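Student: Encoded as structure tokens, here's the structure I'll be asking about.
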Amino acid sequence: MAHDDRLIGIVETSRWGRPSASLILYAGHPPTAGTIRGLGHACVGRFWQGVALRLIERGEAPEVESLGAESGVFFASGGQQPIEALAEALMPYLTDAEAVTALVREADAVGFDFHDDCGP
């Protein structure tokens, strides 16, 4: 699934003279926001940082150079291909209530902390 530019922005940048990219996700209003809140989590940047970390742990997204969150924004930076792959890996959880529900329930069951200060 390709990423949706309305939900995730990717900006091509340069770090120390080499090409890289940054991913920006404004976290508060994806189609799955109500589902996320209903699962007891906050739809904030830290939640989406946790989703990215969980996907990386499960081998469903590549590692990138950096992940971060500030208030309602999640961001990542790294090479163009890993950032594009991370954006694609995140899309189902932004748009599909069943996908985000399954991910959150699985993560909560194993004690994964989304660091959104809301989980079990």
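The values are calculated or read from the model by the stated rules, or taken from the named source; none is laboratory data. Predicted model only: the values in this text are computed from it and were never measured. For neighbour counting, all protein chains shown are included, and Cβ atoms are generated from backbone atoms with ideal geometry for every residue, glycine included. Ligands, DNA and RNA are excluded from the accessible area calculation, which covers all protein heavy atoms including side chains. Shrake-Rupley method; radii C 1.70, N 1.55, O 1.52, S 1.80 Å.
Student: Could you say which residue among 86, 90, 39 is modelled with pLDDT of 95 or more and either open to solvent by 70 Å² or more (accessible area, probe 1.4 Å) or closer than 19 Å to residue 108 by Cβ (or both)?
Tutor: Working: 86 fails: either open to solvent by 70 Å² or more (accessible area, probe 1.4 Å) or closer than 19 Å to residue 108 by Cβ (or both); 39 fails: modelled with pLDDT of 95 or more.
90 is the lone residue from the list that is modelled with pLDDT of 95 or more and either open to solvent by 70 Å² or more (accessible area, probe 1.4 Å) or closer than 19 Å to residue 108 by Cβ (or both).
Student: Continuing with the same structure: Residue 100 is checked against (1) under 17 Å from residue 26 (Cβ atoms); (2) at pLDDT below 95 and fails just one. What number does that condition carry?
Tutor: Every condition holds for residue 100 apart from (2).
Student: Quick one: is residue 80 surrounded by fewer than 16 Cβ atoms within 10 Å (Cβ to Cβ), touching a residue at least 40 places away in the same chain (Cβ under 8 Å) and within 26 Å of residue 16 (Cβ to Cβ)? Lay out the reasoning, then the answer.
Tutor: Details: surrounded by fewer than 16 Cβ atoms within 10 Å (Cβ to Cβ): yes; touching a residue at least 40 places away in the same chain (Cβ under 8 Å): yes; within 26 Å of residue 16 (Cβ to Cβ): yes.
Criteria met by residue 80.
Student: I would also like to ask the following. For the stretch 83-120, which residues satisfy the criterion of being closer than 30 Å to residue 19 by Cβ and either among the aliphatic types (A, V, I, L, M) or without any contact (Cβ under 8 Å) to a residue 24 or more places away in the chain (or both)?
Tutor: If the condition is that a residue be closer than 30 Å to residue 19 by Cβ and either among the aliphatic types (A, V, I, L, M) or without any contact (Cβ under 8 Å) to a residue 24 or more places away in the chain (or both), then 83, 85, 86, 87, 89, 90, 91, 94 are the ones that fit.
Student: Tell me, which residue of the stretch 42-53 that is open to solvent by 10 Å² or more (accessible area, probe 1.4 Å) and not basic (Lys, Arg) is modelled with the lowest pLDDT?
Tutor: Only one residue tops the list, namely 43.
Student: Right, another one. So residue 96 ticks every box in (1) surrounded by fewer than 18 Cβ atoms within 10 Å (Cβ to Cβ); (2) in contact with a strand residue (DSSP E or B) (Cβ under 7 Å, 6 or more places away or on another chain) but one. Which box is left unticked?
Tutor: (2)
Student: Okay, next question. Can you report the number of residues in the stretch 54-63 which are open to solvent by 30 Å² or more (accessible area, probe 1.4 Å) and among the hydrophobic types (A, V, I, L, M, F, W, C)?
Tutor: Here the count works out to 1.
Student: Restricting attention to the stretch 17-34, which residues are open to solvent by 40 Å² or more (accessible area, probe 1.4 Å) and in contact with a helix residue (DSSP H, G or I) (Cβ under 7 Å, 6 or more places away or on another chain)? So that I can check it myself, show each step before the final result.
Tutor: At the first step, the residues of the stretch 17-34 found to be open to solvent by 40 Å² or more (accessible area, probe 1.4 Å) are 17-19, 24, 26, 29, 31, 34.
Answer for the stretch 17-34, where residues must be open to solvent by 40 Å² or more (accessible area, probe 1.4 Å) and in contact with a helix residue (DSSP H, G or I) (Cβ under 7 Å, 6 or more places away or on another chain): 19, 31.
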